[in-house]
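Enquirer: The structure's right below; bear with me while I get my questions together.
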Amino acid sequence: MENQTLHYYLSLQSPWTYLGHERLCAIARKHEFKISIFPVDYGVIFPATGGLPLPKRAPERRAYRLLELKRWRTALELPLNLEPRFFPADDKLAMRLVVAVRREDPEAAVELAGRILRAVWAEERDIADESCLKDILSEQGLDAENLFATALENSTVERIVKDTDLAITKGVFGAPTYIVGTEVFWGQDRLDFLERQLVNLTATA
């Protein structure tokens, strides 16, 4: 059923997405919701919705971001490098690989996204590097050669463009964004509210 699906819009190099990823997966499992994952292009979303990429934000905002990341890292007891060696990175190929995996196995695509996020924020790996991405795929037991071929198809690129356009029409402006039905939840600090919504939907199903 549609109301048993949770739509997950993300950036594969967002620390906030990383901080919320495993908790999101746990919440979805607990309440038996499927996750439909959409890596989207925030280079398109930000200018369309009034957002600014990190380098263009005021110094005060960038400083407070680091403070909040420290707080959440401590609160969640997660490994997180505040200024990772390979950030920002070109994540276009990584996005395409997640979409390529999603075609055949949506759950594996969610797992792959988690591995890519962890590579950036906890493991000091370069997700712009093809060999790094091949290693991540192999570590998950996925067929890197075939997935790279699918990732480079025009249809995969076009799918991300369409997903990005759809995200904007649904009210997505930041990462991560979770949507259940028509309810939008922006940010990993809204996961409690998201879970309440899942509970309510389950109770009325």
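The values are calculated or read from the model by the stated rules, or taken from the named source; none is laboratory data. Fair warning: this is a prediction, and the values are worked out from it, not measured in the lab. Neighbour counts run over all protein chains shown; Cβ positions are idealised from the backbone, glycine included.
Enquirer: On the basis of being surrounded by fewer than 15 Cβ atoms within 10 Å (Cβ to Cβ) and modelled with pLDDT of 95 or more, does Phe148 make the cut?
Expert: Criteria not met by Phe148.
Enquirer: Hey, Gly141 hits all of (1) under 28 Å from Leu67 (Cα atoms); (2) loosely packed, with under 13 Cβ neighbours inside 10 Å but one; which does it fall short on?
Expert: (1)
Enquirer: Mind listing whichever residues of the stretch 1-31 are in a loop (DSSP other than H, G, I, E, B), over 19 Å from Asp165 (Cα atoms) and in contact with a helix residue (DSSP H, G or I) (Cβ under 7 Å, 6 or more places away or on another chain)?
Expert: Those that are in a loop (DSSP other than H, G, I, E, B), over 19 Å from Asp165 (Cα atoms) and in contact with a helix residue (DSSP H, G or I) (Cβ under 7 Å, 6 or more places away or on another chain): Gln13, His31.
Enquirer: Let me ask something else. Give the residue, chosen from Tyr18, Tyr9, that is surrounded by 14 or more Cβ atoms within 10 Å (Cβ to Cβ), closer than 16 Å to Val172 by Cβ, at pLDDT 95 or above and hydroxyl-bearing (Ser, Thr, Tyr).
Expert: Every option except Tyr9 fails the conditions.
Enquirer: Restricting attention to helices (runs of 4 or more DSSP H) lying wholly within the stretch 130-185, give those where 3 or more residues are under 19 Å from the mean Cα position of the chain (by Cα).
Expert: The helices (runs of 4 or more DSSP H) meeting that bar are 130-139, 154-169.
Enquirer: Another question, then. Where residues in the stretch 48-62 are outside any loop (DSSP other than H, G, I, E, B) and touching a Pro at 6+ places or on another chain (Cβ under 9 Å), which of them is nearest to Glu107 (Cα to Cα)?
Expert: For the stretch 48-62, the residue satisfying everything is Leu54.
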